[in-house]
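The structure appears right after this line, and notes come after that.
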Amino acid sequence: MHNGWGAKHLVKFATSQIVSRPPRLLAVNLRHPTKQQTHVVHNFNSGPSVLPKVVFEEASRAILDFNNTGLSILEIGHRTPLFQAVMDEAVALIKELMQLSDDKEVLFLHGGASTQFFQVPMNLLPAGATAAYLDGGTWGTKAIKEARRFGQVHVLGSSADKNYSYLPHDWQVPAGMQYVHITSNNTIEGTQQHEWPNTDAPLVSDMSSDIMSRQLDFNRFDLIYAGAQKNMGAAGVNLVIINKELLGKAERDIPAMLDYRQHIANGSMLNTPPVFAVYVCMLTLRWLKQQGGIAGIEPINQAKARLLYDALERLPVFTPTVAPADRSLMNVVWVMQDPALEAAFLAECKANGMVGIKGHRSVGGFRASLYNALEMSSVEALVALMEDFARRHG
Ligand SMILES: Cc1ncc(COP(=O)(O)O)c(C=O)c1O
């Protein structure tokens, strides 16, 4: 071998790394200070984002030794019974947690939610037919743009006039729509859909940023998609839940990798699935089940959001940007009454271990993402800092 590294030497080197790592890795408490850290980290990132500590610990162990097999989760074949069991458990947990009826197919696909922006119309929208889209935020706008490549789009309503700081209401779905597409939670602008249309057209929803966070009748939806990297796991995998009866009507030649029917027929293993990302999803779903499922986590999410919105209402230094009826429980967005104070508040957040709190560049100000795994203590710490800041600058 080149550079004088013999194969034996390499193996020995790799083994010594593995042997020396477990105690160190497992000793790290990911939410509490290590020797290098001087304070607790509060992770308000919008995605990829905070996951439960037990998931990090279990996933770390599986990288070194998956289920006592002596193999890393990163080196097992996706067509082995070992991985099939992971995929089966992940699918079963989705069905159980969301109480899905038997006609729903659960897929784990690649390409992120952005791929669904075009995969949905490619599979469901014949050329010349029309789909209805709600333009309630940046991600919905992107979905509309992609759908127009395949057919016609009827925009049900738009809140672009006020930078998507509210959701359009009082819209009706016209007859003859191929499907209706709604983003359930607008991650960037901090709005969340709280009412759903009464329509005969199939209902499609991008639930990337609030999947598994609140109870809904998920069987009312004909297609749900969500990138995993917020409430469900690591980046790299995309959940798609689909009613099979919708398929086969688009009348176009769909490349195999983009054809839902092929993924269904192959159990999400048409090609190599993102093995580790599916595994992390499975661990996160197991954790959610232990929390009492969606019914267990929802009141905690409500309490976290209430605490923060109450502070924003109470402290005049801060101004929430979203209309009260449309506020998101997952992404809370605000600006400072005096924009000159933004840099100082951001610096104090940073000094107190609060990461990911800066607002998206299209909105400015601040955004705190309060996903399932974010602990109440992090919101309490943020609110305590806000109160203290308001006392000094009010
Ligand atoms: C609601 C929503 N849809 C779509 C996306 C795009 O997801 P991805 O980066 O996985 O393509 C995001 C990303 O944050 C999102 O929040």
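Quick look at the values:
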quantity	calculated
Gyration tensor verdict on the chain (Cα atoms; rounded if a/c is under 1.5, prolate if a/b is larger than b/c, oblate otherwise)	oblate
Cα-based reach from residue 53 at 12 Å (exclusive), listing aspartates and glutamates while leaving out same-chain residues under 8 positions away	375
Ranking of 244, 104 by count of other Cβ atoms within 10 Å, fewest first	244, 104
Which listed pairs, of 230/350; 145/249; 95/249; 142/249; 95/304, have C-alpha distances above 31 Å, in listed order	none
Per-residue Cβ neighbour rank within 10 angstrom, fewest leading, 149, 327, 61	149, 61, 327
MRE, 222 nm, helices only [DSSP H, n ≥ 4, -39500 (n - 2.57), over the chain, to nearest 500]	-12000 deg cm²/dmol
Segment 293-393 - Debye-derived log10 I(q)/I(0), Cα point model, q = 0.17 Å⁻¹	-0.73
Segment 165-316 - Debye-derived log10 I(q)/I(0), Cα point model, q = 0.16, 0.19, 0.20 Å⁻¹	-1.09, -1.37, -1.44
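Coordinate-derived values only; no laboratory data. Treat the numbers as computed from the prediction; the structure is a model and nothing was measured. Here the Cβ is made from the backbone with ideal geometry for all residues, glycine too, and neighbour counts use every protein chain on show.
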